[in-house]
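Comments concern the structure below.
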2 protein chains.
Amino acid sequence: MSVTTRPTRNGVDTATLFATIDAVRQQPEAARFRFRTQTEWVSGTHSRGRFPGFFGAGQEHVHASPGAGDAVIDADHPAVLVGTDTGPTPAELLLNALGACLTAGLGNIAAARGVDLHGVSCRVEGDIDLRGILGIDPEVRNGFSAITVTFDVSADADPATIAALVDQSRARSAVFDVLTNGTQVDVRVAAR
Amino acid sequence: MSVTTRPTRNGVDTATLFATIDAVRQQPEAARFRFRTQTEWVSGTHSRGRFPGFFGAGQEHVHASPGAGDAVIDADHPAVLVGTDTGPTPAELLLNALGACLTAGLGNIAAARGVDLHGVSCRVEGDIDLRGILGIDPEVRNGFSAITVTFDVSADADPATIAALVDQSRARSAVFDVLTNGTQVDVRVAAR
């Protein structure tokens, strides 16, 4: 009897990953997801974000608890920007979302390509001129003028192979796409 | 003796806020900020983000501890996407950054306009077709096709005034700008 085992590599169950991709290929409707977040204002520039669940693969999902279902993210401005620094700035939360997306992608792609990762760190830096958001100069944009991501990867692979993993993660990143290409955002105030 | 008190409204020290804007107007170099995040890969699609500090107003800053300096954000994919759901998805972290940015702006702008806020909640929803990131259909983008933000605001103001506060927050949001207009993102792999 011959048994084929597909290893869990880098903590990724690659057999299930490939099966999921095949399943979505057969049933494209399953790929429609709607993610949601809920932010409550606390005071001043301090707020708390929570993650009530999402729709996808044809049904509603509640996040795991303990885990994403219990996650609470405080956000605030620092003292130098007249906040109380009870949490990262929203601008940092944006950079962090990019780092998390590219790192998750790297984990999956390395596993799919049979590369064992030993360690990955991802530094994200964003340059911003606050004269935009402070309303001082209409020529200055509100957001980051540039973002730089620097990966440090230790893996059982040569530098060119590692660079190709990072490149593929960038090429398949949801957050990278939105940050570089933009998307439609509608802002509404609910009737009370 | 006459004493003029400028109230702290909505938890915002408006006198310091206006003084900060005036100071930056006098010294535009102070407006140059560089925010940073550091993400460490844990396993599979699970990572942890931290906030080591930032440069701004001419100097390096370390975040407050307890507060932003201690913040750790776990990110992961959910089970339906072959993750372990130990934290919100990077896509949700992106939506959460937008909710936090618009909510912080609303706090500041309401205070600056003399409007007392009683409560603010901000729901952010993002539609995404995962055939993009799964590499199934090259015609489908990786990121959100659309994002909808819905504010529910209780304040000492009429609906038109509240709507104008939200509109001004949108008009001065760093995260809204990047998500709608995009920006330059460079991804590098550090030499080891």
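FYI, it's all coordinate maths here, none of it is from the lab. Quick caveat, the model's predicted, so the values are computed rather than measured. Positions of Cβ are backbone-derived with ideal geometry, glycine not excepted, and every protein chain shown enters the neighbour counts.
Structure notes:
- All Cα-Cα separations within the stretch A:32-85 were binned at 5 Å from zero, giving a P(r) of 5, 19, 20, 17, 14, 11, 8, 4, 1, 0, each value a whole percent of the pairs.
- Using only side-chain charges placed at the Cβ, +1 for Lys and Arg and -1 for Asp and Glu, the dipole size of the protein assembly as shown relative to its Cα centre rounds to 160 debye.
- Angle of helix B:14-26 to the longest C-alpha principal axis of chain B, folded into 0 to 90 degrees and rounded to 10: 80°.
- Per residue of the protein assembly as shown, the DSSP helices (runs of n ≥ 4 H) give a summed -39500 (n - 2.57) that works out to -9500 deg cm²/dmol at 222 nm.
- Farthest positive-ward along the stretch B:1-86 dipole, Cα basis, beta-carbon charges - from B:ALA31, B:GLY56, B:ALA71: B:ALA31
- Volume per residue of the convex hull around the Cα atoms, evaluated for the stretch B:54-192, comes out as 206 Å³.
- Ellipsoid semi-axes in whole angstrom, largest first, where each is sqrt(5λ) of the Cα gyration tensor of the protein assembly as shown: 38, 23, 17
- Acute angle (nearest 10 degrees) that the helix B:159-171 long axis makes with the longest principal axis of chain B, alpha-carbon atoms: 60
- Modelled spin-label separation between B:VAL72 and A:GLU29, with each label point placed 7 Å from Cα along the Cα-to-Cβ direction: 4.2 nm.
- Residue by residue along B:115-128, Cβ atoms of other protein chains within 10 Å of the local Cβ number 5 on average.
- Distance from the C-alpha centroid of the stretch B:6-75 to that of the stretch A:133-192: 18 Å, rounded to the whole angstrom.
- Zone of B:ARG188's modelled label, taken as backbone nitrogen in the stretch A:88-118 under 19 Å from a point 7 Å along Cα→Cβ: A:95-96, A:98-100, A:102-103
- As a rough guide to protection, the peptides B:23-30, B:67-74 ranked by mean Cβ packing within 10 Å, highest first, stand as B:67-74, B:23-30.
- Principal-axis tilt of helix B:90-112 within chain B, Cα atoms, nearest 10 degrees: 10
- Computed from the alpha carbon atoms alone, the convex hull of the stretch A:1-106 holds 149 Å³ per residue.
- Between B:THR161 and B:ASN181, residue separation times 0.36 nm minus the direct Cα-Cα distance comes to 4.5 nm.
- Using the Cβ-Cβ distance between A:HIS118 and A:ALA19 with R0 = 35 Å, the FRET efficiency computed as 1/(1 + (r/R0)^6) comes to roughly 0.85.
- Charges were assigned to the Cβ only: +1 to each Lys and Arg, -1 to each Asp and Glu. The resulting dipole of the stretch B:32-85 about its Cα centre is roughly 320 debye.
- In this simple spin-label approximation, B:SER154 and B:ASP127 carry label points 7 Å from Cα along the Cα→Cβ vector, and these lie 3.2 nm apart.
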